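One structure below.
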Amino acid sequence: MMKIDLRSDTVTLPTAGMRAAMEMAELGDDVYGEDVTVNKLEAKVADMFGREAALFCPTGTMTNQLAIRVHVQPGDEVICDKLAHIYLYEGGGIALNAFASVRPLDGDLGRLTAEMVERSINNPHDIHQPITKLVCLENTVNKGGGSMYDFDEIKRIKQVCKKNGLILHLDGARLFNALVETEQTPQDYGKDFDSISICLSKGLGCPVGSVLIGSQELVSKARRFRKVMGGGWRQAGALAAAGIYALTIMSTA
Ligand SMILES: Cc1ncc(COP(=O)(O)O)c(C=O)c1O
């Protein structure tokens, strides 16, 4: 009898087709920018989201943490929901990697509203308070039982960010779950977020892999920090090939 392991969407195994794609992948040294398959995946994902660049990383924790590290200065504040993965499950990385503080808000199943965000922005002229710099949303929300944002609320949050000079990051570890359920496209998300992290290893069947998406400047800076964290990998093309396969064959987005 076939058993299905429902503990997590991370325990999936690659299909035969994905394994074949991995075996056939053209490889090179990615630290030298010479892994053709990694380059192809990064170009494909950037294009899907209508953005300049993308960076292939081992984990969603790394792509989130790199984005936060690039976006904030030590002492800045990050707004997120109290259930956010970046706050609860990334080992205090916001403090450890970016030396920033967090304002965790009491949202609805992990979802913030524009009004909540606006109320939580510190007065930039009050030297007692950290400077609010970054808003992080998660869609869908892991700890919210898979709750999903109404895209109009995301648009309203974007307007608040724009008005107040804040950066907007998306932890889209499971964004593809939202995309199959709604009419939005990856490009819609690419327009409103300054950076997006997606996971290929959750719901898409890849053994490993996440991608950080954004401007060329963001990705160049993140590539440098990834190296410092020991994340400069070499012949990663076999893993990237699984990602290309997932986004081509296994995703409807
Ligand atoms: C919402 C969310 N973001 C980020 C991550 C981190 O992904 P990884 O396990 O690849 O570090 C997870 C992992 O479950 C997650 O659920």
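If you check GLY190, GLY165, which single one turns out to be touching a Phe, Trp or Tyr at 6+ places or on another chain (Cβ under 7 Å) and either modelled with pLDDT of 95 or more or over 20 Å from ASP76 (Cα atoms) (or both)?
Among GLY190, GLY165, only GLY190 is touching a Phe, Trp or Tyr at 6+ places or on another chain (Cβ under 7 Å) and either modelled with pLDDT of 95 or more or over 20 Å from ASP76 (Cα atoms) (or both).
On the given criteria, is PHE176 within 16 Å of the ligand (Cβ to nearest atom), within 19 Å of LEU218 (Cα to Cα) and out of contact with any helix residue (DSSP H, G or I) (no Cβ under 7 Å at 6 or more places or on another chain)?
It is false that PHE176 is within 16 Å of the ligand (Cβ to nearest atom), within 19 Å of LEU218 (Cα to Cα) and out of contact with any helix residue (DSSP H, G or I) (no Cβ under 7 Å at 6 or more places or on another chain).
Scan region 15-68 for residues that are polar (S, T, N, Q) and either touching a residue at least 24 places away in the same chain (Cβ under 8 Å) or within 16 Å of the ligand (Cβ to nearest atom) (or both) and jot them down.
Correct list: THR15, THR37, THR59, THR61, THR63, ASN64, GLN65.
If you scan region 18-50, which residues turn out to be in a helix (DSSP H, G or I), surrounded by fewer than 17 Cβ atoms within 10 Å (Cβ to Cβ) and over 22 Å from the mean Cα position of the chain (by Cα)?
Of everything in region 18-50, those that are in a helix (DSSP H, G or I), surrounded by fewer than 17 Cβ atoms within 10 Å (Cβ to Cβ) and over 22 Å from the mean Cα position of the chain (by Cα) turn out to be ARG19, ALA20, GLU23, MET24, TYR32, VAL36.
Quick check on this structure: which one of VAL117, VAL78 is within 15 Å of the ligand (Cβ to nearest atom) and of a type in the set (Val, Ile, Thr)? Spell out how you get there, then give the answer.
Values: VAL117 fails: within 15 Å of the ligand (Cβ to nearest atom).
Matching residue, one of VAL117, VAL78: VAL78.
Say whether the condition of being over 22 Å from GLY243 (Cα atoms), in contact (Cβ under 8 Å) with a residue 12 or more places away in the chain and among the acidic types (Asp, Glu) is met by at least one residue in region 69-76.
Yes, region 69-76 contains at least one residue that is over 22 Å from GLY243 (Cα atoms), in contact (Cβ under 8 Å) with a residue 12 or more places away in the chain and among the acidic types (Asp, Glu).
Please find, within region 127-162, the residue that is nearest to the ligand (Cβ to nearest atom) out of those that are touching a residue at least 24 places away in the same chain (Cβ under 8 Å) and charged (D, E, K, R).
Result: GLU138.
The values are calculated or read from the model by the stated rules, or taken from the named source; none is laboratory data. Keep in mind that what you see is a predicted model, and the values were worked out from it rather than measured. Here the Cβ is made from the backbone with ideal geometry for all residues, glycine too, and neighbour counts use every protein chain on show.
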